[in-house]
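Here is the structure we will look at.
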Amino acid sequence: MLEHRNFYINGAWVPPAKPSDHDVINPSTEEVCAIISLGDHADTNAAVAAAKAALPDWSATAPAKRAEYVKGILAQYEARAEEMAQAISLEMGAPIDLARKEQAPCLPWHTENFLTAFEEIEWIRPLGPHAPDTMIAMEPIGVVGLITPWNWPMNQVTLKVIPALLAGCTIVLKPSEEAPLSSLLFAEFVHDAGVPAGVFNLVNGDGMGVGSQLSRHEDVEMISFTGSTRAGKAISLAAAETLKRVTLELGGKGANVIFADADEKAVKRGVYSCMENSGQSCNAPTRMLVERSIYEKALETAAEVAKSIGVGPASDEGRHIGPVVNRKQWDQIQKMIQVGIDEGARLIAGGPGLPEGMNRGFYVRPTVFADLNNQMRIAREEIFGPVLSIIPFDTEEEAIEIANDTPYGLTNYVQSQDGAKRNRMALALRAGMIEMNGKSRGAGAPFGGVKMSGRAREGGIWGIEEFLEVKAISGWSND
């Protein structure tokens, strides 16, 4: 069993001000795999103070030098990528192949995209030819508190820490207490890359503790949070006391609109995308909207695909889904599966209870419901598990109406061979991201939503600009 009780503050690993042990549970076995400490006010204050003290020098560091430090973090990852994959797999249950191929590589993917975008930033630029003595300066916002989730831990740490560093901000990171091991390893990367003391700090804790303390802290200028909509509301309220900037990347209930002219793999692709990472992705396409003329065939395919998906321990190699992160999450998913049954949706794959042959671990059967209407709870609430809801539609207009009839607005998906129809749908759907025909967004595209999905924009140039303030200067001398 691993023991990681120390926090990373002011360039050193330091013990908590007051012991408060927290067990990290391996969701594949339900056994304790590590012990960390949860911080309190003294730890949070020490980390913020270190970040505040480091801010003047770091914000004044040449952008090119800041980029060199970030490249150093990337080099540390490349040397220890397998350690990162193993940490993620252990702490939150991602199958090891998924951890190696998708979870851990989020760090180099986003970092390289940020470094490319970074070269395009004009730190001081003229307003325009009509005002030659007015300049626009881009400056770091200051000390930032970063609160990250457990479901894609290194994805979210990278999307926050790297652009904040490049922008010239100093940082206090609070990773999820459910999945802290990958973030502790990331802190080692930062240290070994030589990032100056105080620029990056890490304090483990829970939302009510360190998370709340950062949100209210008068010396923290910005909070960047990824997690549930409920927690995002609480953070916004807490942060309002000090009028700090708040960026939120929250939940989703993505609609995957499949027209009759979609390619033959569209339904299969949609099921796999919903079930990946055991359904624990905010941008998962959990509502499949199918044109009625192909609806019955789509149900057959979806059920067949879901029943073919294996479920097993995160340590096993191969293509399967692992457990969900903890008992609380498992219980909530089971509750929502039963809600779907009670509401009258037709269960065509999976269902409640552990998969056959399993009696330990937080495993969920890949589950598919058919014959829903969009007012059912399983069609409206984020379940955050391997549960797919399939809804028929008759017209393009009806598909748009159903897709947009949700509190969320993160990612929607469109499947059609008609380019003009796809484009109409992309503009009509109310979401921060639209993905069509299985085509991933390009490198450096922003990630974020609208409505109850929050309004952060993470990744690429937009992700860096989240951490910058705009200063307008008149009377600039051009001599």
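The values are calculated or read from the model by the stated rules, or taken from the named source; none is laboratory data. Here the structure is a predicted model, which is why all the values come from computation and not from measurement. Every residue, glycine among them, receives a Cβ derived from its backbone with ideal geometry; neighbour counts consider all protein chains shown.
So which residues in segment 248-302 are more than 18 Å from Met436 (Cβ to Cβ) and among the β-branched types (Val, Ile, Thr), if there are any at all?
Selection gives Thr301 alone.
Can you pull out the residues in segment 54-79 that are in contact (Cβ under 8 Å) with a residue 12 or more places away in the chain, under 20 Å from Asn113 (Cα atoms) and not β-branched (Val, Ile, Thr)?
Hits for segment 54-79 are Pro63, Arg66, Ala67, Tyr69, Lys71, Gly72, Leu74, Ala75, Gln76, Tyr77, Glu78.
Which strands (runs of 3 or more DSSP E) sit wholly inside segment 85-178 and have at least 2 residues that are surrounded by fewer than 24 Cβ atoms within 10 Å (Cβ to Cβ)?
Working: elements: 124-128, 131-140, 143-147, 170-174.
Qualifying strands (runs of 3 or more DSSP E): 124-128, 131-140.
Would you mind stating whether Val271 is without any contact (Cβ under 8 Å) to a residue 40 or more places away in the chain and of a type in the set (A, V, I, L, M)?
When the stated conditions are applied, Val271 does not pass them.
Quick one: Ala131 ticks every box in (1) more than 18 Å from the chain's Cα centre (by Cα); (2) under 28 Å from Thr61 (Cα atoms) except a single one, so which number is it?
(2)
Output yes when any residue across segment 289-312 is under 20 Å from the mean Cα position of the chain (by Cα) and farther than 20 Å from Gln103 by Cβ, and no when none is. Please lay out each step first, then the result.
Restricting attention to segment 289-312, the residues satisfying the condition of being under 20 Å from the mean Cα position of the chain (by Cα) are none.
No, because not a single residue in segment 289-312 is under 20 Å from the mean Cα position of the chain (by Cα) and farther than 20 Å from Gln103 by Cβ.
From (1) under 18 Å from Ala255 (Cβ atoms); (2) among the small types (Gly, Ala, Ser); (3) in contact with a Leu (Cβ under 6 Å, 6 or more places away or on another chain), pick out the condition that doesn't hold for Gly448.
Unmet for Gly448, out of (1) under 18 Å from Ala255 (Cβ atoms); (2) among the small types (Gly, Ala, Ser); (3) in contact with a Leu (Cβ under 6 Å, 6 or more places away or on another chain): (3).
Please find, among Glu343, Glu398, Glu382, the residue that is assigned by TED's automatic domain parsing to the domain that holds Val325, under 22 Å from the mean Cα position of the chain (by Cα) and not basic (Lys, Arg).
Glu382
What number of residues in segment 429-479 are under 25 Å from the mean Cα position of the chain (by Cα) and in contact (Cβ under 8 Å) with a residue 24 or more places away in the chain?
32
What residue, among those in segment 257-307 that are on the phi > 0 side of the Ramachandran plot and among the small types (Gly, Ala, Ser), is surrounded by the fewest Cβ atoms within 10 Å (Cβ to Cβ)?
Only one residue fits best here, namely Gly279.
Please tell me if Ala262 is assigned to a loop (DSSP other than H, G, I, E, B), in contact (Cβ under 8 Å) with a residue 40 or more places away in the chain, over 21 Å from the mean Cα position of the chain (by Cα) and under 21 Å from Ala399 (Cα atoms).
Values: assigned to a loop (DSSP other than H, G, I, E, B): yes; in contact (Cβ under 8 Å) with a residue 40 or more places away in the chain: yes; over 21 Å from the mean Cα position of the chain (by Cα): yes; under 21 Å from Ala399 (Cα atoms): yes.
In short, yes.
For Ala403, all conditions in the list (1) under 23 Å from the mean Cα position of the chain (by Cα); (2) closer than 29 Å to Arg457 by Cα; (3) part of a loop (DSSP other than H, G, I, E, B) hold save one; what is the number of the exception?
Every listed condition holds for Ala403 apart from (3).
For every residue, the table says whether it meets (1) farther than 24 Å from Glu178 by Cβ; (2) among the hydrophobic types (A, V, I, L, M, F, W, C).
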site: Phe362; (1), (2): no, yes
site: Leu372; (1), (2): yes, yes
site: Ile391; (1), (2): yes, yes
site: Asp394; (1), (2): yes, no
site: Asp418; (1), (2): yes, no
site: Arg422; (1), (2): yes, no
site: Gly442; (1), (2): yes, no
site: Ala445; (1), (2): yes, yes
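Could you pull out the residue among Glu3, Glu31 that is surrounded by fewer than 17 Cβ atoms within 10 Å (Cβ to Cβ), under 27 Å from Leu107 (Cα atoms) and among the charged types (D, E, K, R)?
On the way: Glu31 fails: under 27 Å from Leu107 (Cα atoms).
Checking each option against the conditions leaves just Glu3.
Given the structure, is Glu300 more than 23 Å from Thr367 (Cβ to Cβ), assigned by TED's automatic domain parsing to the domain that holds Pro352 and of a type in the set (D, E, K, R)? Steps first, answer last, please.
Working: more than 23 Å from Thr367 (Cβ to Cβ): no; assigned by TED's automatic domain parsing to the domain that holds Pro352: yes; of a type in the set (D, E, K, R): yes.
The answer is no for Glu300.
Just need a number here: residues in segment 373-400 that are touching an Asp or Glu at 6+ places or on another chain (Cβ under 8 Å) and assigned to a loop (DSSP other than H, G, I, E, B).
3
What do you reckon, is Ala51 touching a residue at least 40 places away in the same chain (Cβ under 8 Å) and small (Gly, Ala, Ser)?
yes
Being touching a residue at least 24 places away in the same chain (Cβ under 8 Å), part of a loop (DSSP other than H, G, I, E, B), closer than 30 Å to Pro180 by Cα and of a type in the set (Val, Ile, Thr): is that true of Val324 here?
Taking the combined requirement at face value, the residue satisfies it.
Is at least one residue of segment 229-242 more than 11 Å from Val144 (Cα to Cα), assigned to a loop (DSSP other than H, G, I, E, B) and modelled with pLDDT of 95 or more?
Among the residues of segment 229-242, not one is more than 11 Å from Val144 (Cα to Cα), assigned to a loop (DSSP other than H, G, I, E, B) and modelled with pLDDT of 95 or more, which makes the answer no.
Quick test of your reading of the structure: Val339 fulfils all but one of (1) buried (at least 22 other Cβ atoms within 10 Å of the Cβ); (2) in a helix (DSSP H, G or I); (3) aliphatic (A, V, I, L, M). Name the failing condition by number.
Against the list (1) buried (at least 22 other Cβ atoms within 10 Å of the Cβ); (2) in a helix (DSSP H, G or I); (3) aliphatic (A, V, I, L, M), Val339 comes up short only on (1).
Can you name the number of the only condition in (1) within 22 Å of Val305 (Cα to Cα); (2) over 26 Å from the mean Cα position of the chain (by Cα); (3) free of Cβ contacts under 8 Å to residues at least 60 places away in the same chain that Pro392 fails?
(3)
Which of (1) buried (at least 17 other Cβ atoms within 10 Å of the Cβ); (2) in a loop (DSSP other than H, G, I, E, B) is the odd one out, the single condition Met452 does not satisfy?
Looking at each condition in turn, Met452 falls short on (2).
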